[in-house]
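The values are calculated or read from the model by the stated rules, or taken from the named source; none is laboratory data. Treat the numbers as computed from the prediction; the structure is a model and nothing was measured. All Cβ positions, even for glycine, are placed from backbone atoms using ideal geometry, and neighbour counts span all protein chains on display.
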Amino acid sequence: MHYPEPISKLIDSFMKLPGIGPKTAARLAFHVLTMKEDAVLTFSKALVDAKRNLGYCSKCGHITDIDPCHICSDKSRDGSMICVVQDTKDVIALEKMRDYNGLYHVLHGAISPMDGIGPEDINVSSLLVRLQDETVQELILATNPTIEGEATAMYISRLVKPSGIRTTRIAHGLPVGGDLEYADEVTLSRALEGRREL
Ligand SMILES: [Zn+2]
């Protein structure tokens, strides 16, 4: 299909977003044409502002508009605990829970030799600096329950061991509403490992 240039440019831009194929991109582009001009301007400004005003916290790596981020600069939080996660979205998920009052460290990925991602490609070195500077007593390794996440947790735990800081791994249990018989072996063995006193 041949579109006028401004439309094909817009379609190309939408296609750069994750999960957007050519059909959806075309639908979105034509939708933009039906929008009022000020709505389009607000939308484009929101895109540019988000990009310009957001960055990563120099301490924990979480996405933020101030540096250090709101979590790192919150004096009421427990600085003796750092929860290590793979992605900024994990911080947001854990914060929603409201049960955790410690600090975070975002790795921006996990070690995956298959994809050529080594320890130097994730945000680990700044974690080690933090462990030297701050009064951390416990490192909670909350990387994903995948092969890469497990390998990353193992790597960090080995790295940190000599410092005497306690490292813990979150328990990956069974999903609520799930049936024991349908759980895979890894999930079941993790659930068993993570058992606690009742
Ligand atoms: Zn931070």
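Only one of these conditions is not met by residue 190: (1) surrounded by 13 or more Cβ atoms within 10 Å (Cβ to Cβ); (2) at pLDDT 80 or above; (3) in contact with a Gly (Cβ under 9 Å, 6 or more places away or on another chain). Which number is it?
Of everything listed in (1) surrounded by 13 or more Cβ atoms within 10 Å (Cβ to Cβ); (2) at pLDDT 80 or above; (3) in contact with a Gly (Cβ under 9 Å, 6 or more places away or on another chain), residue 190 misses just condition (2).
Please work out if residue 59 is more than 16 Å from the ligand (Cβ to nearest atom) and either exposed (fewer than 13 other Cβ atoms within 10 Å of the Cβ) or not assigned by the TED database to the domain that holds residue 145 (or both).
Considered against the rule, which asks whether it is more than 16 Å from the ligand (Cβ to nearest atom) and either exposed (fewer than 13 other Cβ atoms within 10 Å of the Cβ) or not assigned by the TED database to the domain that holds residue 145 (or both), residue 59 comes out as no.
Looking at residue 44, is it without any contact (Cβ under 8 Å) to a residue 40 or more places away in the chain and near the ligand (Cβ under 10 Å from one of its atoms)?
no
Hey, among 182, 100, which residue is over 29 Å from residue 74 (Cα atoms) and of a type in the set (Phe, Trp, Tyr)?
One residue alone meets the criteria, 182.
Yes or no, residue by residue, for (1) away from the ligand (no atom under 11 Å from the Cβ); (2) among the acidic types (Asp, Glu); (3) without any contact (Cβ under 8 Å) to a residue 40 or more places away in the chain:
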{"position": "51", "(1), (2), (3)": "yes, no, yes"}
{"position": "66", "(1), (2), (3)": "no, no, yes"}
{"position": "78", "(1), (2), (3)": "yes, yes, yes"}
{"position": "110", "(1), (2), (3)": "yes, no, no"}
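When only residues in region 42-78 that are of a type in the set (A, V, I, L, M) and out of contact with any Asp or Glu (no Cβ under 7 Å at 6 or more places or on another chain) count, which is modelled with the lowest pLDDT?
Per the stated criteria, the residue is 50.
Please work out if residue 71 is surrounded by 13 or more Cβ atoms within 10 Å (Cβ to Cβ), within 12 Å of the ligand (Cβ to nearest atom) and in a strand (DSSP E or B).
In short, no.
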